[in-house]
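K.L.:
Take this structure first; my questions come after.
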Amino acid sequence: MDVLGVDIGGSGVKAAPVDVTEGSLTQERIKVPTPQPSKPEAIAEAVHGLVEQFGWSGKAGITFPGVVTDGIIRTAANLDPSWIGVDACDLFGSATGMEVQVINDADAAGLAEMRFGAGAGQQGTVVMLTFGTGIGSALFFNGVLVPNTEFGHIEVRGKDAEKRASERARELHDLDWAQWAGRVDEYMRHLEALLWPELFIVGGGVSRKSDKFLPLLEGLRARVVPAKLHNDAGIVGAALIAS
């Protein structure tokens, strides 16, 4: 069965139909820039445009980069603050004419990796981290998701971790891979001290370049592996929650 997955990020909105039994995209994904300012109506229109490009009329799942409870947006660190309190299911449903489900973006990516990717079959505690505009996180115990963890906002050296160790921070501060890996390593050691996971899965677009920084991480007890679905994990996870 195919379900449309839509992944909203701080810099781009991407979508593709997904075979939810295989965890694979059935058409090439389409990506558009996140509207600026990133207000609800503007992003809803971008999602509507993607739905039209695919000629989609079936089920759809949508991710959001913030806390989502019962379809209501609670935080929007990397999007316009006017999102807070918005009923995203109602907004996107009205914009597309479809029944949709909405989930935190990192939670969606984690669900996809636990079903089809690097976390498949892994028991115990697993932490999925997505490095992009910010740092998203998903926490699992014996395969069960603990939603909306937002570990990208723990404090490291007096700042939100994502302000120091996200991919955007690497670009803004013109860090080489070794410098950035040092910041990522420090952040992940903070998380490891709190959670003691068996496995870290590193995702987001930068996971395609994992060979440049994962070997530079030091001092972590847990195994650290790149996401197998790379930056498609959010799309796949979005489709899963709507299937």
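The values are calculated or read from the model by the stated rules, or taken from the named source; none is laboratory data. The structure displayed is predicted, hence computed values, not measured ones. Reconstructed Cβ throughout: ideal geometry from the backbone, glycine too, with neighbour counts over all protein chains shown. Note: areas computed on protein heavy atoms with side chains; ligands, DNA, RNA excluded. Shrake-Rupley method; radii C 1.70, N 1.55, O 1.52, S 1.80 Å.
K.L.:
Counting just the residues of segment 46-79 that are surrounded by fewer than 16 Cβ atoms within 10 Å (Cβ to Cβ) and modelled with pLDDT under 95, which one comes out nearest to THR130 (Cα to Cα)?
P.N.:
Step by step, filter segment 46-79, then rank; the result is GLY58.
K.L.:
Could you pull out every one of the strands (runs of 3 or more DSSP E) wholly within segment 101-165 that has 2 or more residues that are farther than 18 Å from GLY204 by Cβ?
P.N.:
Fully inside segment 101-165 and qualifying: 144-146.
K.L.:
Got a number for residues in segment 31-40 being of a type outside the set (Val, Ile, Thr) and open to solvent by less than 20 Å² (accessible area, probe 1.4 Å)?
P.N.:
2
K.L.:
Please indicate, with yes or no, whether at least one residue in segment 154-173 is open to solvent by 30 Å² or more (accessible area, probe 1.4 Å), among the β-branched types (Val, Ile, Thr) and under 18 Å from the mean Cα position of the chain (by Cα).
P.N.:
Within segment 154-173, one or more residues are open to solvent by 30 Å² or more (accessible area, probe 1.4 Å), among the β-branched types (Val, Ile, Thr) and under 18 Å from the mean Cα position of the chain (by Cα).
K.L.:
Restricting the search to segment 83-100, which residues are surrounded by 17 or more Cβ atoms within 10 Å (Cβ to Cβ) and assigned to a strand (DSSP E or B)?
P.N.:
VAL100
K.L.:
Out of curiosity, is ILE43 over 19 Å from ILE235 (Cα atoms), without any contact (Cβ under 8 Å) to a residue 40 or more places away in the chain and either open to solvent by less than 40 Å² (accessible area, probe 1.4 Å) or in contact with a Lys or Arg (Cβ under 7 Å, 6 or more places away or on another chain) (or both)?
P.N.:
no
K.L.:
How many residues are part of a strand (DSSP E or B) and surrounded by 16 or more Cβ atoms within 10 Å (Cβ to Cβ) if we restrict to segment 185-243?
P.N.:
Going through segment 185-243 one residue at a time, the tally reaches 8.
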